[in-house]
Amino acid sequence: MFLRLATEKRLPLLSPFAAGIFTRGFSSIDRINTNLRPFPDYSPKKPGVKDVDLVRDLTTALKQRRSEPARRVLSPFGQRFRSDHLLWAFPHLRSDLPLVLSLIHWCRSRRHPIPAEALAIAAHLSVDSKHLQAARQFLREGLSHPRFVEQVIYTYKYWCSNPSVFDLLFRASVDAGRLAEARSLFFHLLTYGVIISTDSCNALLSRIPLHELLTVFTEFPESGFRWNVVSYNILIHRLCQIGKLEEARGFLRKMEDKDCVLPDVITYSTLIDGCCKSGELQEALELFSEMSIKGLKPNSFTYTSLITLSCGNNNVVEAERLFMEMLSYGVAPDAVVYTSLINGFSKKGNLFAMSRLFDEMKSSGHLPDAVTYTVLICGLCGSGKMLEANKMFVEMISKGLSPDEVTYSALIAGYCREGRMGDAFRLHNEMLHKGLLPNVVTYTTLCDGLCKQGQVEAGNELLHEMCRKGLVLNVVTFNSLINGLCKAGNIDQAVKTMIDMEAAGLCPDTYTYTTLMDAYCKSGDMDQARLLLKEMLDKGLQPNVVTFNVLMNGFCVLGMLEDGKTLLQWMLDKNIRPNATTYNTLMKQYSIDKNMKATSEIYKGMLALGIIPDENTYNILITGHCKSRNMKEACYYYNEMVSKGFNLRKSSYNALIKLLFRKKKLQEASRLFEEMRAMKLVADREIYSIFIDANYNEKNIKTILELCDEVVENCYVEEK
DNA sequence: ATAGGGTTAG
């Protein structure tokens, strides 16, 4: 199996009838392959007379008393025994591997070094007895001796070994990380006609760096060796990992057309995943249909890649469709595909769908693992449900699952978002206590949390601690710190930090620029903001909707509404889809300027593009219309937003109540006032006065007292 | 030999 003579390459050189030679056995092959090296003859070192006697007595004792412990049997020989005796003992024990093993074991226990030659022979004997595990161990140990390979070759013929010993030797080199050695071993063995198995060569492929992999991939077949589908899958996977999709696809064609190796589900799934990771949905779908045409049935790996991409594109509807399609094709779902889908919903904040799928997963017999729980915890944290996230954390531990760095980082991020830095650091300490090392993400999360609490200095100190632990800052860490500095009003230091970041070999990205541009915009320095925009465009960085929103906000608060509208047009021209925030920013400024006509036009433009208004949009419309005393419009938007399940902000309630009161709509005003109080929102003092007066007129003492209490409790405390 | 989880900007 393991040995194939390296003759295939020479085939074309033979005469037409030479092919028949191959059926006639080795002697014929030897005739045509005169340049194949023969295996050398073995001539062991000669023992002295006393040595001969010792070895005979020792091996006889071992055989005679084989049921007794070797230690006891061999103890009389302890004084006189040398490592050399081992070599002379082997011929006596050649078909008795258990005794060979116990003799070697005894040697080791007496601290006798085992010579390389003995290790080579022991490997041959082990292979001969089909004891591959023992052979592997001897070979692994032997590799630490110089010229061990030569020892194995030198002893090979005499000990009538099996060619698989070379395969094991090659494999041991690979496993020991001696990759260059393995590579040259391949060619060296070739000169003896030994061919390493594809499996072992594939083990080499999966361990070497990509540039060497590509060399090996072309250089091994020069001797007639052929790669198989696994080899191609390894290569394609590595190319996909670094985003070289074109080349990966090239090898898909090459394997079929040039090498007659048929791609399998793994080949296609690997390529599809590569496309998904690069966001190339179109490519992925092409390959998906191509594999089906070839009769290859996609599996849960294939679907997971596509589902994960859909979720990442914020398209959970498509993700769920794919999941249903997978089920309808009879592809069994597993914990991974469930986890991916659950993650999609949790990221959208759809906790209902998240727990529905979690239940479905459990009831269909798929055990949630640590990743599943991490996704659930993350989803709950993202929705501010820290209590439930903690419950999930406890549940996962009670199920015997171990939270890892990722789980902890997710929980820590949840606490940071709530400003609960004490809890965040408590978890950080808990990690250390459990022997889990906080990594860059954990530290970045904590640093960001500190920055958001206004403690930039502490954040910076934490990063120094992180560096002392040998961790390296990444782009996100820098961005977080830059943001902290900006929010603390220290733009100069933020810019310096960006320069540090570049000096550290990290490229500022869209987050970095957007953060700094926002700081300049908010300080009223639109010129600097524009300069940064130019710089990022020059670097080939794409501004995104957030970048534009930052600029939009800058123009709007400075009253530069015409620039704002130009910016909106520019976005549309650049095919960057504005979102509700973009429109809200413009609408807000127009409504502050009491230009409700323009506000309404912007709103219409938003609807025309199919951009869904959010809670903010309605609040802007309501306060704006109230300020312009458009009661009808204000009430219209109030009803619409309530029907969509949105809540009014305090300012919207205040404005609407005041307007209703002014228009003598006492009943409506009062109803809204009650609604506002039920929402635990504190009305303006002016509104309290209005309702206290109104109740006074009605002589409703109880209500008056209640309202007075509330005013004292809320308005007074708030104004202090 | 292939798939799922955590951090940053408005």
Before we move on, is A:Glu674 open to solvent by 60 Å² or more (accessible area, probe 1.4 Å) and in contact with a helix residue (DSSP H, G or I) (Cβ under 8 Å, 6 or more places away or on another chain)? no
Return the residues of the range A:254-270 that are open to solvent by less than 30 Å² (accessible area, probe 1.4 Å) and either within 11 Å of DNA strand B (Cβ to nearest atom) or assigned to a loop (DSSP other than H, G, I, E, B) (or both); say none if nothing qualifies. A:Val261, A:Pro263, A:Thr267, A:Tyr268, A:Ser269, A:Thr270
Residues of the range A:170-209 being closer than 18 Å to A:Leu132 by Cβ, surrounded by fewer than 20 Cβ atoms within 10 Å (Cβ to Cβ) and in contact with a Leu (Cβ under 7 Å, 6 or more places away or on another chain), which ones? A:Ala176
Out of all the residues in the range A:107-120, which are more than 46 Å from the chain's Cα centre (by Cα) and open to solvent by less than 10 Å² (accessible area, probe 1.4 Å)? A:Cys107, A:Ala118
Could you list all residues from the range A:533-561 that are out of contact with any Pro (no Cβ under 8 Å at 6 or more places or on another chain), away from DNA strand B (no atom under 12 Å from the Cβ) and not basic (Lys, Arg)? A:Glu535, A:Asp538, A:Gly540, A:Phe555, A:Leu558, A:Gly559, A:Met560, A:Leu561
Residue set A:Leu411, A:Leu481, A:Leu436; condition part of a helix (DSSP H, G or I), farther than 28 Å from A:Glu502 by Cα and not charged (D, E, K, R); output residue A:Leu411
Filtering the range A:31-51 down to residues that are open to solvent by less than 70 Å² (accessible area, probe 1.4 Å), farther than 30 Å from A:Gly193 by Cβ and not charged (D, E, K, R) yields A:Pro47, A:Gly48
What are the residue pairs meeting all of these: first residue in the range A:215-234, first residue in a helix (DSSP H, G or I), second residue of a type in the set (D, E, K, R) and more than 16 Å from DNA strand B (Cβ to nearest atom), Cβ atoms under 8 Å, and 6 or more apart or on different chains? A:Val216/A:Arg183; A:Glu222/A:Lys9; A:Ser223/A:Lys9
Before we move on, is A:Arg671 over 50 Å from the mean Cα position of the chain (by Cα) and in contact (Cβ under 8 Å) with a residue 12 or more places away in the chain? no
Selection from the range A:151-200 of residues part of a helix (DSSP H, G or I) and basic (Lys, Arg) yields A:Arg171, A:Arg183
Do you know which of the residues in the range A:289-344 that are within 20 Å of A:Ser355 (Cβ to Cβ) and among the acidic types (Asp, Glu) is surrounded by the most Cβ atoms within 10 Å (Cβ to Cβ)? A:Glu320
Suppose we keep only residues that are surrounded by 15 or more Cβ atoms within 10 Å (Cβ to Cβ) and among the small types (Gly, Ala, Ser) within the range A:444-475. Which one would you say is farthest from DNA strand B (Cβ to nearest atom)? A:Ala458
The condition of being more than 23 Å from the chain's Cα centre (by Cα) and away from DNA strand B (no atom under 12 Å from the Cβ) holds, among A:Gly505, A:Gly489, only for A:Gly489
Kindly evaluate A:Gln569 against the criterion of being within 16 Å of DNA strand B (Cβ to nearest atom), at pLDDT 95 or above and more than 19 Å from A:Asn483 (Cα to Cα). no
Conditions (1) surrounded by fewer than 19 Cβ atoms within 10 Å (Cβ to Cβ); (2) within 12 Å of DNA strand B (Cβ to nearest atom); (3) closer than 29 Å to A:Thr599 by Cα; number of the one not met by A:Asp518: (1)
Total residues in the range A:58-89, condition under 21 Å from A:His131 (Cα atoms), without any contact (Cβ under 8 Å) to a residue 40 or more places away in the chain and not in a loop (DSSP other than H, G, I, E, B): 4
Taking the range A:430-443 and the residues there that are out of contact with any Phe, Trp or Tyr (no Cβ under 6 Å at 6 or more places or on another chain) and within 12 Å of DNA strand B (Cβ to nearest atom), the one that is most open to solvent (accessible area, probe 1.4 Å) would be A:Leu437
Of the residues in the range A:414-429, those that are within 14 Å of DNA strand B (Cβ to nearest atom) and assigned to a helix (DSSP H, G or I) come to A:Gly414, A:Tyr415, A:Cys416, A:Arg417, A:Met421, A:Ala424, A:Leu427, A:His428
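In the list A:Val100, A:Val127, A:Val152, which residue meets the criterion of being surrounded by 23 or more Cβ atoms within 10 Å (Cβ to Cβ) and within 42 Å of the chain's Cα centre (by Cα)? Reasoning before the result, please.
Numbers: A:Val100 fails: within 42 Å of the chain's Cα centre (by Cα); A:Val152 fails: within 42 Å of the chain's Cα centre (by Cα).
Step by step, each of A:Val100, A:Val127, A:Val152 is checked, and only A:Val127 is surrounded by 23 or more Cβ atoms within 10 Å (Cβ to Cβ) and within 42 Å of the chain's Cα centre (by Cα).
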Name every residue in the range A:495-515 that is open to solvent by 10 Å² or more (accessible area, probe 1.4 Å) and outside any helix (DSSP H, G or I), in order of residue number. A:Ala504, A:Gly505, A:Leu506, A:Cys507, A:Asp509
When restricted to A:Glu283, A:Glu246, the only residue at pLDDT 95 or above, assigned to a helix (DSSP H, G or I), more than 12 Å from DNA strand B (Cβ to nearest atom) and closer than 21 Å to A:Val230 by Cα is A:Glu246
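The values are calculated or read from the model by the stated rules, or taken from the named source; none is laboratory data. In this text, all values refer to a predicted model and were calculated from it rather than measured experimentally. Don't worry about glycine lacking a Cβ; one is built from the backbone with ideal geometry, like all the others, and counts go over all protein chains shown. We work out accessible area using only protein heavy atoms, side chains counted, and drop any ligands, DNA or RNA first. Shrake-Rupley method; radii C 1.70, N 1.55, O 1.52, S 1.80 Å.
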